[in-house]
Amino acid sequence: MIKMITSFLVGSNKLERLWLLAKIEFKLRYYENNLGLLWALLKPLMDVAIYYIVFKTILKTDVPAFASYLFIGLILWNFFVESTSGTVQILQTKKYLYEYSNMNKMEIYLSTLLSNSIGFFFNLSMFVIFLNFIETDLVGLSLLNLWIVPLFVILFILSLALSLILSCIYVLAKDITQIWQVFTAALFFLSPIFYKLALFKESLPALTYINPIAGIIINARKVMMEKSLPDFGLLFFDLGYALLLLLIGLIMLNKIGARAAEKL
Amino acid sequence: MEKEFAIEAKNISKTFHISEDSHNTVKNRLFNIFKPSRSRYVPAVKNMSFEILKGECIGLLGRNGCGKSTLVKLLAGVYPSDSGQIRINGSTMLMNLGVGMSHELTARENVYVSGSVLGLRIKEIDAIFKEIIEFAELEEFVDTKIKFFSSGMVARLAFSIAVKAGADIMFLDEIFAVGDVKFQDKAIKVFESSWIEGKTVILVSHSMEVIRQYCNRTAFLKHGELVFYGDTEKAIELYMEDNQ
């Protein structure tokens, strides 16, 4: 695996190309509309506001620092949805890249996810500012916050894996787009995004593990808000989960994705 | 000088599987599990073996539907082959009426993306960027999305990128039909000076003039089979007979 990655990156213009494609993708997404980059920053804030009103003002949940609690959950979730639902049709929309040359398809996926990562980075910076200046119940930053990096890497691998799997299924069955939409809607409510964690674990104990996002969100809150180490059992479980899916995704890309040029 | 292979193909074949009813949704697949799908197999390329040396210019002849385009796509690595193996030595670029360009991007972005896909570094593209735009005669439309371009403008841009950035192995599928007479003259000049020298070119054309003028060797295809591969004059003769 590591050998594959290094041989992939060393000695060519691949890194440059990934960055170029990611930048263009990012620009296409945000600079095409009137609000521009502001929209990227506004969206998570608006999401937080909506769920805050529903769960805090109306349903009177008693989670402390609920806005931050929502915020970190939602930006992780948004990255996941953008990178999976947003890429189901990637082999179709990015056909122009591989139809006329022997470009590696993996680069198309990586650059799109990289572009989403730029968005995530903006959101995370907003979250950190929010946490420090607005949410005054909690104490400021600590080195433990850096644990968000490996957690994000796991989320990245997981999203990449599902993106590979879904876009390959799309080659064979177009309605995977709709099916996945329903599935993510269900998954959203089965993730501990706005529930109190204890309540979530008590009602649906198995889901902490079955739902791969749940573990990542739980751990991200630990390291960003509770100033504690992540739950390592959960962290390694999620890593294994993501790597397993990635393996399936890579096999599918080789078997089905390779035929995309003739099937789509 | 030692012979270096640009492309080595062994026993390659390609069969297209065309299904006649739309079994391309999950719903359809589930509802029709026990109903066999009506489908046909179209053998497009049948068991070919050959090699192309570095720096050669190879012609590809054959009537419509004989598998030329499929063969080119197999060799360029766009399609995977069903059997056998292809060894490609270098980056490839396939050109027919357009090269891979996104209509959502501007001319500038397309130049950078295509250049990068062809293996150039950003600095190298910076260096040739002006030449590309000048050659395409698109100075005024650098930052215009190419969906607003006329088809001639798109084709000129594609051709200019190919000329200036070019891959190691170029597959040219009827490219001399691009642009007006002035542009064509310019294109042929560049083709002669920069591609015939130093690059491996596979030329698909129905113009005997072009094939005769540039190709050292020519392949003649019929019904997906490689009938002849060698001397250009002989291949043209066979092709002419086939057209009778």
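The values are calculated or read from the model by the stated rules, or taken from the named source; none is laboratory data. Not measured: the values here are computed from a predicted model. We place every Cβ from the backbone using ideal geometry, glycine too, and count neighbours over all the protein chains shown. For the accessible areas, the whole protein counts, side chains as well, though only heavy atoms, and no ligand, DNA or RNA atoms are used. Shrake-Rupley method; radii C 1.70, N 1.55, O 1.52, S 1.80 Å.
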*What's the angle, to the nearest 10 degrees (0 to 90), between helix A:212-225's Cα axis and the longest principal axis of chain A?*
50 degrees
*Heavy-atom accessible surface of segment B:5-242: percent carbon and sulfur, 1.4 Å*: 51 percent
*asked:* Give me the net charge for the shell around B:Ser83: Cβ to Cβ below 12 angstrom, other residues only, Lys and Arg +1, Asp and Glu -1.
replied: +2
*Kindly write out, for segment B:212-224 in residue order, the coupling ³J(HN,Hα) from the Karplus curve 6.51 cos²θ - 1.76 cosθ + 1.60 (θ = phi - 60°), rounded to whole Hz, with x marking Gly and Pro.*
4, 6, 10, 8, 7, 9, 9, 9, 10, 10, 9, 6, x
*Summarise the accessible area of segment A:25-263 (1.4 Å probe, protein heavy atoms) by the percent that is carbon and sulfur.*
71 percent
*Intensity falloff of segment A:25-263 expressed as log10 I(q)/I(0), Debye formula with alpha-carbon point scatterers, at q = 0.10, 0.11, 0.13 Å⁻¹*: -0.50, -0.60, -0.83
_Across segment B:174-244, what fraction of all alpha-carbon pairs, as a whole percent, falls in each successive 10 Å bin from zero upward?_
17, 47, 27, 8
*Which residues of segment A:146-194 bury at least 10 Å² of accessible area once all protein chains are present, versus their chain alone (1.4 Å probe)?*
A:Leu172, A:Ala173, A:Lys174, A:Asp175, A:Ile179
*asked:* Just to be sure I understand: if you take the accessible area of chain B alone plus chain A alone and subtract the pair, with a 1.4 Å probe, what total do you get in Å², rounded to 100?
replied: 2700 Å²
*Measuring from centroid to centroid over Cα atoms, what is the spacing of segment A:85-143 and segment B:143-209 in Å?*
37 Å
*What would the Debye formula give as log10 I(q)/I(0) at q = 0.14, 0.15, 0.18 Å⁻¹ for the alpha-carbon point model of segment B:5-242, no solvent?*
-0.96, -1.05, -1.29
*Diagonalise the Cα gyration tensor of segment B:88-150 and give the resulting equivalent ellipsoid semi-axes, square root of 5 times each eigenvalue, largest first, whole Å.*
20, 15, 10
_Heavy atoms of the protein only, probe of 1.4 Å, neighbouring chains included. What is the accessible area of B:His103 in Å², nearest 10?_
100 Å²
*Once the whole set of protein chains is in place, how much accessible area is left on B:Val42, using a 1.4 Å probe, in Å² to the nearest 10?*
50 Å²
*Once phi is turned into ³J(HN,Hα) by the Karplus curve 6.51 cos²θ - 1.76 cosθ + 1.60 with θ = phi - 60°, what whole-Hz value does each residue of segment A:46-55 show in order, with x for glycine and proline?*
5, 4, 4, 4, 4, 5, 5, 4, 5, 8
*Go through segment A:77-122 and flag every residue whose accessible area shrinks by 50 Å² or more with all protein chains in place compared to the isolated chain (probe 1.4 Å).*
A:Tyr96, A:Tyr100, A:Ser101, A:Asn102
*Within the protein assembly as shown, helix-based [θ] at 222 nm, where runs of 4 or more DSSP H residues each add -39,500 (n - 2.57), nearest 500*: -17000 deg cm²/dmol
*asked:* Keeping all protein chains in the complex and leaving out DNA, RNA and ligands, what accessible area do you get for A:Trp147 with a 1.4 Å probe, in Å² to the nearest 10?
replied: 80 Å²
*Please report Rg over Rh for segment B:117-244, where both radii come from the alpha carbon positions and Rh follows the Kirkwood definition.*
1.04
*Specify the angular offset, from 0 to 90 degrees and rounded to the nearest 10, of the alpha carbon long axis of helix A:148-172 from the longest principal axis of the alpha carbons in chain A.*
50 degrees
*Could you work out the per residue convex hull volume over the alpha carbons of segment A:10-60, in cubic angstrom?*
89 Å³
*Express the Stokes-Einstein translational diffusion coefficient of the protein assembly as shown in µm² s⁻¹, to the nearest whole number, given a Kirkwood radius over alpha-carbon pairs, 10 °C and a viscosity of 1.306 mPa s.*
62 µm²/s
*Give me D for segment A:85-222 in µm² s⁻¹, whole number, from Stokes-Einstein with Rh from the Kirkwood sum over alpha-carbon pairs, 37 °C and 0.692 mPa s.*
189 µm²/s
_At 1.4 Å probe radius, can you tell me the per residue accessible area of the protein assembly as shown in Å²?_
48 Å²
*Area projected by the alpha carbon convex hull of segment B:1-128, averaged over all directions, nm²*: 12.3 nm²
